[in-house]
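Read the structure below first, then the notes.
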Amino acid sequence: MYMKIRNLIDFNDMSLEEWEELRALAFRIKKAPAEYRDVCKGRIMATLFYEPSTRTQMSFQTAMMRLGGKIIGFSDPGSSSVAKGETLRDTVKVVSGYADVVVIRHPVEGAAYASSLYSHCPVINAGDGGHLHPTQTLTDLMTIHELKGKTEGLTVGCCGDLLNGRTVHSLLRALMRFKGNKFVLISTPELKLPTFVTNELLANGCEIRECSTLEECIGELDVLYMTRIQRERFKSPEDYAKQSGIYRLTSDKMELAKADLAVLHPLPKVDEIAYEVDDDPRCVYFEQAENGMFIRMALLARLVGAERTGRCPAYPLPQKAFCHNARCITNHEKYLPELTKTVDGENRCCYCDSKIK
Ligand code: NCD
């Protein structure tokens, strides 16, 4: 059985029924992985990783291998035709002709959506710049569900680089769809959530509280989502230095927390969690990373095998730059068509979700 969605670019492409079905499948796979070892037999997954990755890439690769499929791809664009100046469109057209599913990670926002316009097979977004990271969200929701038995009615704190952390953007926009979740946003003023996320949370009537320290809110939380300050997204090393090391989860702070707090982290972590805290049973990020493989197995099982498309449509070339976000793919790959959408009454770029002025 295939999913209604063909690509996974944003968690919100998926209905909650589809999510529940996927989650149930991931738990079945986790219980008896060997039963699924031929589900993708004869299928090929291509991983186009234009940006470094350990967990996401390896968990996708092991997921496909455990389903009996094979993998191709690159993790160093310098060793592919990208280094010769090939456009994203050409790379995707060619590779999607070889493979049954394309998994892409790219440093530029909206690159996954752009890829989906030209692909002959399903595209999965494995992180597009500081925008979204939907398969990390699947991992996070699965882990929260496993521990709490639900993904609603929870007080969830997100701490660290809320501005550039794509995992936080995806997770909050997913959690807002479940009833009664409250959000506590812990960051410096410079690293606050971008407006495309905040506006959506507010439009959905979510309760949001902003805090500047962990101490003042850790006691209320059911889930604490710690994140790394995203060094690679800062304009200068000086700007990064001003923000790094401000938030650190220590055993003193854990003493203020509930006995059943769940501390998640998408990993890699740098210095935001003290070494001794790793051994606190409330810290579940290594279990979370393992769940990432099972939920990706479920996703591949559902998407791989979808009908292939023939020639992609000939989109009209844009007349001028239409998105003001310098980090949007449309300002890097100039042939991309002008595609906009209306979200909560706001006109937005389909690629990176920025408001169109
Ligand atoms: C995250 C990412 O790449 O956005 N890592 C991951 O996929 N597990 C988080 C990060 O890099 O900080």
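Filter the range 16-31 down to the residues that are open to solvent by less than 30 Å² (accessible area, probe 1.4 Å) and either closer than 23 Å to residue 176 by Cβ or assigned to a loop (DSSP other than H, G, I, E, B) (or both) and list them by number.
Within the range 16-31, 18, 19, 22, 26 qualify.
How many residues does the range 141-172 contain that are within 15 Å of the ligand (Cβ to nearest atom) and open to solvent by 10 Å² or more (accessible area, probe 1.4 Å)?
3
Conditions tested, residue by residue: (1) surrounded by fewer than 22 Cβ atoms within 10 Å (Cβ to Cβ); (2) under 21 Å from the mean Cα position of the chain (by Cα).
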{"residue": "72", "(1), (2)": "yes, no"}
{"residue": "75", "(1), (2)": "yes, yes"}
{"residue": "80", "(1), (2)": "yes, no"}
{"residue": "88", "(1), (2)": "no, yes"}
{"residue": "99", "(1), (2)": "no, no"}
{"residue": "106", "(1), (2)": "no, yes"}
{"residue": "109", "(1), (2)": "no, yes"}
{"residue": "139", "(1), (2)": "no, yes"}
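Residue under question is residue 306, and the condition is that it be over 19 Å from residue 139 (Cα atoms) and in a loop (DSSP other than H, G, I, E, B); does it hold?
On the way: over 19 Å from residue 139 (Cα atoms): yes; in a loop (DSSP other than H, G, I, E, B): yes.
The answer is yes for residue 306.
Name the single residue that is nearest to residue 298 (Cα to Cα) among those in the range 115-134 being within 9 Å of the ligand (Cβ to nearest atom) and surrounded by 24 or more Cβ atoms within 10 Å (Cβ to Cβ).
Within the range 115-134, the match that is nearest to residue 298 (Cα to Cα) is 126.
Residues 300, 221: which one is at pLDDT 95 or above and within 28 Å of residue 155 (Cβ to Cβ)?
Criteria check complete, one pass: 221.
I'm told residue 233 meets every condition in (1) touching a Gly at 6+ places or on another chain (Cβ under 7 Å); (2) on the phi < 0 side of the Ramachandran plot; (3) modelled with pLDDT of 95 or more except one. Can you identify the failing condition by its number?
Going through the list (1) touching a Gly at 6+ places or on another chain (Cβ under 7 Å); (2) on the phi < 0 side of the Ramachandran plot; (3) modelled with pLDDT of 95 or more, residue 233 breaks only (3).
Considering only the range 111-133, state which residues are closer than 23 Å to residue 67 by Cα, outside any loop (DSSP other than H, G, I, E, B) and over 12 Å from the mean Cα position of the chain (by Cα).
Of everything in the range 111-133, just one residue is closer than 23 Å to residue 67 by Cα, outside any loop (DSSP other than H, G, I, E, B) and over 12 Å from the mean Cα position of the chain (by Cα), namely 123.
Among the residues of the range 234-290, count how many are more than 15 Å from residue 213 (Cα to Cα), assigned to a loop (DSSP other than H, G, I, E, B), open to solvent by 60 Å² or more (accessible area, probe 1.4 Å) and more than 15 Å from the ligand (Cβ to nearest atom).
Result for the range 234-290: 5.
Within the range 99-109, does at least one residue satisfy the condition of being touching a residue at least 40 places away in the same chain (Cβ under 8 Å), in contact with a helix residue (DSSP H, G or I) (Cβ under 9 Å, 6 or more places away or on another chain), farther than 30 Å from residue 35 by Cα and in a helix (DSSP H, G or I)?
no
In the range 49-70, how many residues are more than 12 Å from the ligand (Cβ to nearest atom), crowded, with 22+ Cβ neighbours inside 10 Å and part of a helix (DSSP H, G or I)?
Result for the range 49-70: 2.
For residue 193, are the conditions met, namely being open to solvent by 10 Å² or more (accessible area, probe 1.4 Å) and either more than 29 Å from residue 103 (Cα to Cα) or more than 10 Å from the ligand (Cβ to nearest atom) (or both)?
yes
For the range 241-262, check the following and say yes or no: at least one residue is touching a Leu at 6+ places or on another chain (Cβ under 6 Å), modelled with pLDDT of 95 or more and under 12 Å from residue 140 (Cα atoms).
Checked the range 241-262: at least one residue is touching a Leu at 6+ places or on another chain (Cβ under 6 Å), modelled with pLDDT of 95 or more and under 12 Å from residue 140 (Cα atoms).
Rundown of residues vs (1) under 27 Å from residue 3 (Cα atoms); (2) in contact with a helix residue (DSSP H, G or I) (Cβ under 7 Å, 6 or more places away or on another chain); (3) open to solvent by 80 Å² or more (accessible area, probe 1.4 Å), yes/no style:
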site	(1), (2), (3)
307	yes, no, yes
314	yes, no, yes
319	no, no, yes
323	no, yes, no
334	no, no, yes
342	yes, no, yes
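Assess whether residue 198 counts as being without any contact (Cβ under 8 Å) to a residue 12 or more places away in the chain, part of a helix (DSSP H, G or I) and open to solvent by 10 Å² or more (accessible area, probe 1.4 Å).
yes
Working carefully through the options 272, 276, 287, find the one that is in contact with a Phe, Trp or Tyr (Cβ under 7 Å, 6 or more places away or on another chain), among the charged types (D, E, K, R), more than 22 Å from residue 101 (Cβ to Cβ) and in contact (Cβ under 8 Å) with a residue 12 or more places away in the chain.
Going through 272, 276, 287 in turn, just one is in contact with a Phe, Trp or Tyr (Cβ under 7 Å, 6 or more places away or on another chain), among the charged types (D, E, K, R), more than 22 Å from residue 101 (Cβ to Cβ) and in contact (Cβ under 8 Å) with a residue 12 or more places away in the chain: 272.
The values are calculated or read from the model by the stated rules, or taken from the named source; none is laboratory data. Fair warning: this is a prediction, and the values are worked out from it, not measured in the lab. A quick note on method: Cβ atoms are made from the backbone with ideal geometry, for glycine too, and the neighbour counts reach across all protein chains shown. Heavy atoms of the whole protein, side chains included, go into the accessibility calculation; ligands, DNA and RNA do not. Shrake-Rupley method; radii C 1.70, N 1.55, O 1.52, S 1.80 Å.
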